[in-house]
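First the structure, in the form of structure tokens, and then the observations on it.
The values are calculated or read from the model by the stated rules, or taken from the named source; none is laboratory data. If you're wondering where the values come from, they're calculated on a predicted model, not measured in any experiment. Cβ atoms come from the backbone with ideal geometry, glycine included; neighbour counts cover every protein chain shown.
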């Protein structure tokens, strides 16, 4: 009995462990183990209570297994429904494609892709059979349509083959004798593509393409021979062009006339369009030519940069001169010196580099300075002319008045001298101790001396009057620059 208790304890512990470990991942294997233990239990010598306890544990395990199976079945049914919802639209689309898609090959490929969706997917048996039957219906429809299309294709293929065969045979015949290898080769390529584009059966297309290949094979030796001659010519062209490019490289590196240099490089570039050249040599030579262009462009850019730098320096140097010239033209009354100064600034523009817009900017300001100076000078001369005319008129009036007075005095002196001469010659005044004629004579000499002085003054006044008249005529007819103060 002691051994029976020991066996009971072991089985009870085992069943308890099975009950605790039951899960969806292992319940099938454990179910078989429980069945084995159930059989063994019948043959075991156990007390009634022990047997009932073990049976109860086994029943509890089976109840748990049942619950797990029901849960698994429910999950399976839910997954099956989800997969049905996923596959059903695809199957319906497959049927639609099978009925209406003009491209049966595309429709067939789509049906195949739907068929692949069934692999490894969880579905209830009846749902799988229903959907697969619908998909099979799509395949059957496509088979019927493809069979019909094959019949139509065979008719079209026969018609197209009849149209193409004469042209194929003609080119095959020409391939044996024609000297225009390149043209015939191009025609064969075009006809080959046309055959591939036509609706033809596999056998018809294969037969036509084999004939085209015969023509290619007939042309190939002559084409290779001409290709060899062309390659030799290409090498000769490459050697000649290399010398020309070497010349172009020198021009690009040293020429001072950039336009001439660019024209020369463009002439060399044009040779690439007309000469046949080996591919590798063409790339290498063209790269050298491009480098020559880059060299020339770099030199030209450097020249322009230097010119821009020089033009900026010239602009910055001349701008203050022009500003100063403008200020002088507005304020200075030394018109002659200012005009000379403007001319000197104007002379600075000759032979120097400057951007056209900046040159125009400064030159227009300088011209404006000339205009301002000329306008101010004209106003100055007009004012000075008026003042000088008034001054000369006043001086002339004064001189004429003095002349008039002096002429009167001279006339008076002449008359007085004449009277004294007559008196001195009178006998009545002679013969006394004090001869009055001597006094008269002395008085006449004094008057004559005074008269001579007055006559000199008269000459001076007449010359002054003549000078004033000339000055008046000059200012009256002023049409050119006058004297500057």
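Quick notes on this one:
- Of the helices (runs of 4 or more DSSP H) contained entirely in segment 1-109, those carrying at least 2 residues that are out of contact with any helix residue (DSSP H, G or I) (no Cβ under 7 Å at 6 or more places or on another chain), surrounded by 12 or more Cβ atoms within 10 Å (Cβ to Cβ) and modelled with pLDDT of 85 or more fall at 48-100.
- Residue in segment 170-188 that is nearest to residue 216 (Cα to Cα), counting only those that are more than 52 Å from the chain's Cα centre (by Cα) and surrounded by 13 or more Cβ atoms within 10 Å (Cβ to Cβ): 172
- The single condition among (1) in contact with a helix residue (DSSP H, G or I) (Cβ under 8 Å, 6 or more places away or on another chain); (2) outside any helix (DSSP H, G or I); (3) surrounded by fewer than 17 Cβ atoms within 10 Å (Cβ to Cβ) that residue 350 does not satisfy is (1).
- For residue 310: the one exception among (1) modelled with pLDDT of 85 or more; (2) farther than 30 Å from residue 473 by Cβ: (1)
- Selection count where residues are surrounded by 11 or more Cβ atoms within 10 Å (Cβ to Cβ) and either assigned to a helix (DSSP H, G or I) or at pLDDT 75 or above (or both), scope segment 416-445: 19
- Close contacts from segment 337-357, counting a first residue that is on the phi < 0 side of the Ramachandran plot and a second that is not in a helix (DSSP H, G or I), with Cβ to Cβ under 8 Å and a gap of 6+ residues or different chains, come to 338/332.
- The listed residue being closer than 28 Å to residue 469 by Cα and not assigned by TED's automatic domain parsing to the domain that holds residue 444, out of 402, 376: 376
- Selected residue (only one of 135, 153, 141 is in a helix (DSSP H, G or I), closer than 20 Å to residue 200 by Cα and not assigned by TED's automatic domain parsing to the domain that holds residue 226): 153
- Any hit, segment 259-272, residues being in contact (Cβ under 8 Å) with a residue 40 or more places away in the chain and assigned to a helix (DSSP H, G or I): no
- Among the residues listed as 327, 280, the single one being out of contact with any helix residue (DSSP H, G or I) (no Cβ under 8 Å at 6 or more places or on another chain), farther than 25 Å from residue 356 by Cβ, in the same structural domain as residue 353 (by TED's automatic domain parsing) and in a helix (DSSP H, G or I): 327
- Number of positions in segment 113-132 that are assigned to a helix (DSSP H, G or I) and in contact (Cβ under 8 Å) with a residue 12 or more places away in the chain: 6
- One residue from 164, 184 being farther than 30 Å from residue 114 by Cβ, assigned to a helix (DSSP H, G or I), assigned by TED's automatic domain parsing to the domain that holds residue 220 and at pLDDT below 80: 164
- Sole residue being under 30 Å from residue 380 (Cβ atoms) and either part of a helix (DSSP H, G or I) or touching a residue at least 12 places away in the same chain (Cβ under 8 Å) (or both), chosen from 296, 289, 321: 321
- Meets criteria (at pLDDT below 80, more than 30 Å from residue 295 (Cβ to Cβ) and assigned to a helix (DSSP H, G or I)) for residue 223: yes
- Filtering 230, 191 for residues that are part of a helix (DSSP H, G or I), surrounded by fewer than 17 Cβ atoms within 10 Å (Cβ to Cβ) and in contact (Cβ under 8 Å) with a residue 24 or more places away in the chain leaves a single hit, 230.
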